[in-house]
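None of the figures in this text is laboratory data; all of them are computed from the coordinates on show. In this text, all values refer to a predicted model and were calculated from it rather than measured experimentally. A quick note on method: Cβ atoms are made from the backbone with ideal geometry, for glycine too, and the neighbour counts reach across all protein chains shown.
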Amino acid sequence: MTHPRTDWTRPEIAGLFDLPFTELLFQAASVHRAYHPPTQVQLCTLLSIKTGGCPEDCGYCSQSVHADSGVEATKLMDVQAVLQCAAQAKDAGSQRFCMGAAWRNPKDRDMPAIVEIVKGVRDMGLETCMTLGMLEPHQAEMLADAGLDYYNHNIDTSPERYNEVITTRTMDDRLATLGHVRAAGINVCSGGIVGMGETREDRVGFIHTLATLPQHPESVPVNALVPVKGTVLGNMLADTPLAKIDDIEFVRTVAVARITMPMSMVRLSAGRESMSEATQALCFMAGANSIFTGDKLLTAANAGDDKDAAMMAKLGLTPLVGEEPMRACKAANNAAGSLVESC
Ligand code: SAM
Ligand code: DTB
Ligand code: SF4
């Protein structure tokens, strides 16, 4: 099996962004169907297992103590209550259950409950993903031993822009946690947010950082900023509406993620609630193959199951079920005698 390139240069990535839109989409769609079943979309459900009161100052986040968003802080949810939510997500057709905690990092005293949750959700036959902030190596190992499938930890933006968005940690802190997750053998989920008033060059730097990691993240969430009143970036967008990212530029970012990280699941994440079906359809064409379902993300509204079912029916997309996408894809390519050797 050949591995996808991890030696992308910034000029190459900038060159992809600069392509005529139809050419970029054609390339991205071609890569998508070479590596993944092109009409299947992975359905993931999110649950905030510990909301608000986070000491970090991420300028986009409603859960930071530095924001005046009205989100109330809660304690870590009870294990049984989390398992009930996971069962509902499974009934609603979800393949992956993603759990988020508004922590800078988990404390060791939190870990036994987290481990119990991972084991319980896995036993239901759901893929598990956790996002708990920065991890120490021993915590990553505990999660791996519990059977955690994915750990989400976003780099969020370009290295140059990072400390304009967050000052309480560095991009290198983030990359260190991704290294601990990888070393423990957990699949990596890492992406970021577009539409934070960044430049095209920042979007190039953001994708470049992910696409040149020693191994690409297995999942790459591309969030469109949900502007929350009371956060630095939500207020900025309210004051300067022209800073809102153009839909076509958002689709370009998805397409470049798909081309540079061909084997990864590219998740159209936050921001779909206010995105037109046409823009979402272009994102699927550009290689997005995963979404968050349900009415709620962590604290913000999501599109909702009814709307998504109607959109998927209209577009002829079906939920990804059963086996891991790469295995399904390999089988499909073998059956078709595909020329794609790197799948
Ligand atoms: N505290 C953990 C952390 O920061 O890794 C986990 C939770 S945090 C909310 C997970 C990710 O959600 C962030 O890294 C960010 O990319 C995304 N996110 C948070 N607020 C957002 C917003 N308003 N719009 C879009 N994405 C957002
Ligand atoms: C990710 O990249 N997006 C999800 C998930 N990982 C944890 C979170 C989106 C949060 C959107 C804002 C909110 O709900 O507060
Ligand atoms: Fe805390 Fe995560 Fe929100 Fe940053 S993004 S404030 S670390 S919950």
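For this structure, a couple of remarks:
- Taking 19 Å as the straight-line reach from the Cα of LYS90, the lysines in range (excluding those fewer than 8 positions away in the same chain) are LYS119, LYS296, LYS307.
- Rg/Rg_globular for the chain, with Rg_globular taken as 2.2 N^0.38 Å and Rg from C-alpha atoms: 0.93
- Cβ-defined net charge surrounding ALA184, 13 Å radius [Lys, Arg +1; Asp, Glu -1]: -3
- Environment charge of VAL41, counting only residues whose C-beta is closer than 11 Å and scoring Lys/Arg +1, Asp/Glu -1: 0
- All lysines inside 18 Å of LYS244 as judged from Cα atoms, apart from same-chain residues fewer than 8 positions distant: LYS229
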